[in-house]
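The values are calculated or read from the model by the stated rules, or taken from the named source; none is laboratory data. Every value quoted in this text rests on a predicted model; they were computed, and no experiment measured them. We place every Cβ from the backbone using ideal geometry, glycine too, and count neighbours over all the protein chains shown.
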Amino acid sequence: MTAPLLGVTVMPEYIQSEGISPVLDRLQGLARAGSVTTSPYVAAEAAPGQGEREPPGDAGKGSGRLLDRPLWGKREVWMETASSFRPDPTLYRDLEYRPPEANALTDASGSLVGAFLDEAVARGMETWLQVQAAIPPGHRVQFGGPLPGDEPLLPNGTPGGPRVDRNVSLGSRRLRDYMRAFISDICRNYPQADGIKFDWPEYPVYTFESLFFDFNPSIAPIGRAVGTDLATLARGTSEVLHDLGSAAIRQKRIALDNLDTFLASLIDSYPVLAELLALKAAVVEDYARFLRETLDAASDGRKRMFLQSFPPPLNRATGLDFARAGAVADVVGVKLYTMHWPLIEAGYIAALQSRADIAPDSAARVISRLLALSPDVERRAGAIRYPEPDEVHPAASADLAAKIVDARNELPATVELVAISHGYGPVADVARRARAVIDARPDAVHVNRYCYLSDEKLRAIGNELDVVGEGA
C-alpha cells in the first residue's frame, strides 16, 4: 500500500510566530507532509476578551483546550485579524457584506502569506487557501456571520437557538455577490495557490434544530425548480416537530436497528422529510455549482476546488451529497473532527429528552448506533462531553475508516477523496485516528491544525505514513 499524501493546515498566525522556513522544515522533516493549507489573513495578539480566543471555544464546550504549539509564547491567546492583502474596493462596490479589513497589520505582516505559499511551491508542495464558504467575510469561522434576514431558518420562520457555525443561508443573493468578489480578489492576489478549500459549503448540523433547516425565502426559487413549495414544506415539517414534541411519534413504527432502516421507516411515516432532504441537497448542489463557476471564471479554470464536508451519515442531513459534490469539485474532504462528536451527541440527546421525553441514556445508545460517532455501547448521557486535551476521543477506528470507505463508494472515481483528521488530543490517540483513515486508503490525509501538532505528534503521524509505505 502506498502511503497517501499528507497535508497540514497552518493558520497564518503560526507563519508570523515561527517563521516560514521553520514551519515548512518541521512539516516536511517530521511528518513527511507534501501539502499545506493556509488562509488569507494575518493576526495580532489582543487584550484578553478582545477579538477571539485561540484556540476557539467551540460554543463554550472547548474552552478548556490549549495550544500544543505555543503561539507568541502562549498556549492560549486572544487575537484580532486583518486581511493579508488589500481588497480591491471596485469588486465590492454597493455590496452589503464587506471584505476583511486591511490595516497597518496587513501592511506589516500580510506579505508573509504569499511568501509562505511561494516557498511551499518551491519545495514541490501542494498549496491550498482555505476560506469559509458561507460565513462572510470568509477568512475564519469565528470572525463573521449573517446579516439580519440571511440566517438559515426553521419551518416556523425563526433562526432557532445558538449555533456553533455562523453560516448564511446558501440561497442568499447577498452571500453570492460577496463570494463572487472575494474569490476574484483571492485569485488575483494568490495566483501561486493550487486551489481553494471551501469549508462548510453545506448546512452544518451541530444542533438538533439545524437538522430542519432551511426555510429562508431565498431558497424558494431552488425549491420551485425541483417542484417543492417552501410554504407547504414548512407546514409539513412543523407537523413532524409537533409530533415529536407531543410524543405522537412513539405511535409510529420507527426502526432503530441501523441508519438505513431508521430513515426508511421515518420517511414512511413522514414522507415530507424526504422532500426536505431532497431540497437541502438541491440547495447545496446549486451553491457548489455557483462556487465552481465563480472559481473557474476568476482563475481562468486554473485553480482546483476542494469542498469540505461533514462525515457520513451526517452529510445526508447537511445536504452535501457526495455524488453531486463530486460532479463539480476536484477534491472532497471528509472532516473527522472527533472532539466535536460528543458535542453533537449531547445536543441531540438533550433535544430528544426535552421534546419527546425520551430517556437520555436510551437516546445515547440509539444515536451511537445510527450515527457511528461513538461505539455502540451503553453510555451514561451525562458522561458524553467535549474531551479534555489529555483524553482519548470516543470514536472507534473502524467507524472512522468506514466513513471514508462510504464516501469513496459514493464519490465519482475521478474525484480526489481526502480524509481530514484532527490534531487535538493525546499523542497516541492522534496517531491512532490518523492511522485509521490512512488504512481506509483515501487519496490524501490532511490534518487540522498545526496549532495542536507538537513535534511529537508530527513525528508520530510521519511514522504512521512510514509504516504504511514500508508495507507497500
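Is one or more of the residues making up the range 116-138 over 13 Å from Val36 (Cβ atoms) and of a type in the set (Lys, Arg)?
For the range 116-138, residues over 13 Å from Val36 (Cβ atoms) and of a type in the set (Lys, Arg): absent.
Each row is one residue, and each column tells you yes or no for (1) out of contact with any Leu (no Cβ under 7 Å at 6 or more places or on another chain); (2) part of a loop (DSSP other than H, G, I, E, B); (3) over 26 Å from Gly145 (Cβ atoms).
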residue	(1), (2), (3)
Ser17	no, no, yes
Pro48	yes, yes, no
Gly64	yes, yes, no
Thr81	yes, no, no
Leu91	yes, no, no
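Report, by residue number, each residue of the range 351-369 that is within 23 Å of the chain's Cα centre (by Cα) and more than 20 Å from Gln251 (Cα to Cα).
Ser368, Arg369
Counting just the residues of the range 441-464 that are of a type in the set (A, V, I, L, M) and surrounded by 23 or more Cβ atoms within 10 Å (Cβ to Cβ), which one comes out farthest from Glu388 (Cα to Cα)?
Here the answer is Val445.
Would you confirm, using the coordinates I've provided, whether Ala363 is touching a residue at least 24 places away in the same chain (Cβ under 8 Å) and surrounded by 17 or more Cβ atoms within 10 Å (Cβ to Cβ)?
Details: touching a residue at least 24 places away in the same chain (Cβ under 8 Å): no; surrounded by 17 or more Cβ atoms within 10 Å (Cβ to Cβ): yes.
In short, no.
Just give me the residues in the range 164-179 being in contact with a Ser or Thr (Cβ under 7 Å, 6 or more places away or on another chain) and surrounded by fewer than 19 Cβ atoms within 10 Å (Cβ to Cβ), in sequence order.
Within the range 164-179, the subset in contact with a Ser or Thr (Cβ under 7 Å, 6 or more places away or on another chain) is 169, 171-173, 179.
Arg173, the sole residue that qualifies.
Could you tell me which numbered condition Pro221 fails, if it satisfies all but one of (1) more than 16 Å from Lys280 (Cα to Cα); (2) in a helix (DSSP H, G or I)?
Result: Pro221 passes all but (1).
Tell me which helices (runs of 4 or more DSSP H) are completely within the range 390-472 and hold 2 or more residues being of a type in the set (S, T, N, Q) and closer than 19 Å to Pro4 by Cα, or say none if there are none.
397-410
Just wondering, is there one or more residues in the range 287-295 that are more than 21 Å from Ala193 (Cβ to Cβ) and either within 15 Å of the chain's Cα centre (by Cα) or buried (at least 21 other Cβ atoms within 10 Å of the Cβ) (or both)? Even if it seems obvious, please write down each step before you answer.
Going through the range 287-295, the residues more than 21 Å from Ala193 (Cβ to Cβ) turn out to be 287, 289.
Now narrow it down to the ones that are either within 15 Å of the chain's Cα centre (by Cα) or buried (at least 21 other Cβ atoms within 10 Å of the Cβ) (or both): 287.
So far as the range 287-295 goes, yes, one or more of its residues are more than 21 Å from Ala193 (Cβ to Cβ) and either within 15 Å of the chain's Cα centre (by Cα) or buried (at least 21 other Cβ atoms within 10 Å of the Cβ) (or both).
Do we find a residue being in contact with a Pro (Cβ under 7 Å, 6 or more places away or on another chain), modelled with pLDDT under 95 and assigned to a loop (DSSP other than H, G, I, E, B) anywhere in the range 146-156?
No, because not a single residue in the range 146-156 is in contact with a Pro (Cβ under 7 Å, 6 or more places away or on another chain), modelled with pLDDT under 95 and assigned to a loop (DSSP other than H, G, I, E, B).
Condition check ((1) in a helix (DSSP H, G or I); (2) touching a residue at least 60 places away in the same chain (Cβ under 8 Å); (3) of a type in the set (Asp, Glu)) across all residues:
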site	(1), (2), (3)
Thr237	yes, yes, no
Arg250	yes, yes, no
Ala264	yes, no, no
Glu275	yes, no, yes
Thr294	yes, yes, no
Phe306	no, yes, no
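Can you pull out every residue in the range 128-159 that is more than 14 Å from Met11 (Cβ to Cβ), in contact with a strand residue (DSSP E or B) (Cβ under 6 Å, 6 or more places away or on another chain) and not hydrophobic (A, V, I, L, M, F, W, C)?
Gly138 - this is the single residue of the range 128-159 that is more than 14 Å from Met11 (Cβ to Cβ), in contact with a strand residue (DSSP E or B) (Cβ under 6 Å, 6 or more places away or on another chain) and not hydrophobic (A, V, I, L, M, F, W, C).
When the range 411-439 is examined, which residues are found to be within 19 Å of the chain's Cα centre (by Cα) and either basic (Lys, Arg) or surrounded by fewer than 17 Cβ atoms within 10 Å (Cβ to Cβ) (or both)?
Arg433
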